[in-house]
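Report on the structure given below.
The values are calculated or read from the model by the stated rules, or taken from the named source; none is laboratory data. Source: prediction; values computed, not measured. Cβ placement follows ideal geometry from the backbone for every residue including glycine, while neighbour counts extend to all protein chains displayed. These area figures cover heavy atoms from the full protein model, side chains too; ligands, DNA and RNA do not enter into them. Shrake-Rupley method; radii C 1.70, N 1.55, O 1.52, S 1.80 Å.
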Amino acid sequence: MLDFSRQPPLLRQEILDAIAMVCDSQHFILGPQVAYFEAAVAKSCATRFAIGCASGTDALWLALAAAGIGDNTASTHNSGQPDAVVTSPFSFFATASSILRAGAQPIFADIDPRTFNLSPASVAEVLDGPRGKSVKAILSVHLYGQCADWDGFAALQRNHPGLLLIEDAAQAFGAAWNGTPAGSLGDAAAFSFYPTKNLAAMGDAGLVTTSNPEIDRRVRSLRAHGMTRRYFHDEVGANSRLDELQAAILNVKLLYIDQWNQQRRDRAARYDQLFREAGLVAESIADGIVLPYTDPRATPVFHQYVIRAPRRDALRAHLTAQQIGSEIYYPVPIHLQAALKDLGYKSGVFPHAERASAEVLALPLYPELRDDEQQTVVETIRSFYS
Ligand SMILES: Cc1ncc(COP(=O)(O)O)c(C=O)c1O
């Protein structure tokens, strides 16, 4: 799925130099590299603030908690009327677990079957339903690197004063909606720099963006034990700091990210073309492969290139036998995960998310993927279906 050894040799030297600089500085936590990275990301996301933290998972929790959602005690057994957050059942588990960690309850709503992102129309049904009054926020994911329908969510926010919009932008660094960068669409956003992400650290790292000074202040407090002055704790936070080594590596890679995102888009377009030329493409999975759909208002970064494939699991086995990587993001929708069974969701309630889990397949896509390799992937898929 990925081969880091193909990254430019210059990048390797730049990263080694950056690491050496941190070693020489003897400043390892929340130092100048982190401050520089935060300022650079705030600029590129067009937000007032960016706050580095330990992971994308923590960034989600920090964004929610700092926005005043939940009471910070994780439990699936909540008495009374806890804060609720509407989110997508078709995402990485952390999207929902961070809501529980903040001490709020996730309420799921179905996805748009074309984009795989949370559907504003499904969220509207929740807001108008019996639990609507407890909903404090919508946590929407920009899945596979394509922004969710922010026109729809902004309209819901206008109609529900006080409702907060939080972005799970873990897969979407550099993406945009109507030209507005991911990270500045909502009241706060969470990014992940996990090593397989399009902007990747060499370990765990995450970041929150916001233009709200109060959210910024509280994220900075919560990421460092609620400590605004050394050893004086105003609230109970966590240790979720971004370290200097990761920030120094990210500062180097930030110089490449626009080029890498463009290479991803080019390779996605090439796959589209190759699948069409091979005669494999259909509007519906009943007739063939369904290609990724890009909303005309979105600028995607193709964090993943995901098709819907007939007989998906057999196709995947065929690819594996030919030593071609593929992945299923995600084989079990979150509302059916064992850890969340106490929330009471049953199979069948979110047909679009459940179908997606059974049909999606991510193919290798990264900036250095070669044209002949893409041809081999498509040819191997063609041989499976013939
Ligand atoms: C959509 C989504 N949300 C949250 C996360 C969590 O990020 P991290 O792995 O950095 O904790 C990830 C990545 O793994 C993700 O893809």
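Once you reduce the range 1-59 and the range 99-123 to the center of their Cα atoms, the two points are 31 Å from each other.
Quick check of the Kirkwood formula: for the range 246-386, what is the inverse mean of 1/r over all pairs of different Cα atoms, in Å? Present the calculation step by step, with values, prior to reporting the outcome.
Values: mean 1/r = 0.0594 Å⁻¹.
After inverting the pairwise mean of 1/r, the radius is 16.8 Å.
Among 122, 240, the order of accessible area from largest down is 122, 240, computed with a 1.4 Å probe on protein heavy atoms. Ordering 59-68, 314-323, 188-197, 109-118 by mean Cβ neighbour count within 10 Å, with the highest value first, yields 59-68, 188-197, 109-118, 314-323.
Packing here is the average count of other Cβ atoms within 10 Å per residue, and on that basis the peptides 334-343, 97-106, highest first, run 97-106, 334-343.
When a 1.4 Å probe is rolled over the protein heavy atoms, the share of accessible surface on the chain that falls to carbon and sulfur comes to 52 percent. Over the chain, dividing the summed -39,500 (n - 2.57) contributions of all DSSP H runs of at least 4 residues by the number of residues returns a 222 nm mean residue ellipticity of -11500 deg cm²/dmol.
Taking amide H atoms as placed 1.01 Å from N in the peptide plane, the amide H of residue 108 lies under 5 Å from those of 87, each 5 or more residues away in sequence or on another chain. Using all pairs of distinct alpha-carbon atoms, the Kirkwood hydrodynamic radius of the chain works out to 21.5 angstrom. If the Kirkwood radius is taken over C-alpha pairs of the range 208-314, then at 37 °C and 0.692 mPa s the Stokes-Einstein diffusion coefficient equals 180 µm²/s. Across the range 4-254, C-alpha contacts under 8 Å between residues 6 or more apart give a mean separation that, scaled by the residue count, equals a relative contact order of 26 percent. Centroid-to-centroid, using Cα positions, the range 310-349 and the range 262-307 are 20 Å apart.
For the range 1-143, what's the relative contact order in percent, using C-alpha pairs closer than 8 Å and at least 6 residues apart?
Numbers: 169 pairs, mean separation 27.3, N = 143.
This gives 19 percent for the range 1-143.
Considered as an equivalent ellipsoid built on the Cα gyration tensor, the range 56-181 has semi-axes of 22, 17, 13 Å, the largest given first. The radius of gyration of the Cα set in the range 324-386, together with its Dmax, comes out at 16.4, 48 angstrom. Between residue 230 and residue 320, residue separation times 0.36 nm minus the direct Cα-Cα distance comes to 27.1 nm.
Which net charge results for the neighbourhood of residue 64, defined as the other residues with beta-carbon distances under 12 angstrom from its beta-carbon, given Lys and Arg at +1 and Asp and Glu at -1?
On the way: positive: 101, 136, 218; negative: 58, 71, 83, 167, 168, 187.
Here the count lands on -3.
Taken about its Cα centre, the range 4-254 carries a charge dipole of roughly 220 debye when the Cβ of each Lys and Arg holds +1 and the Cβ of each Asp and Glu holds -1.
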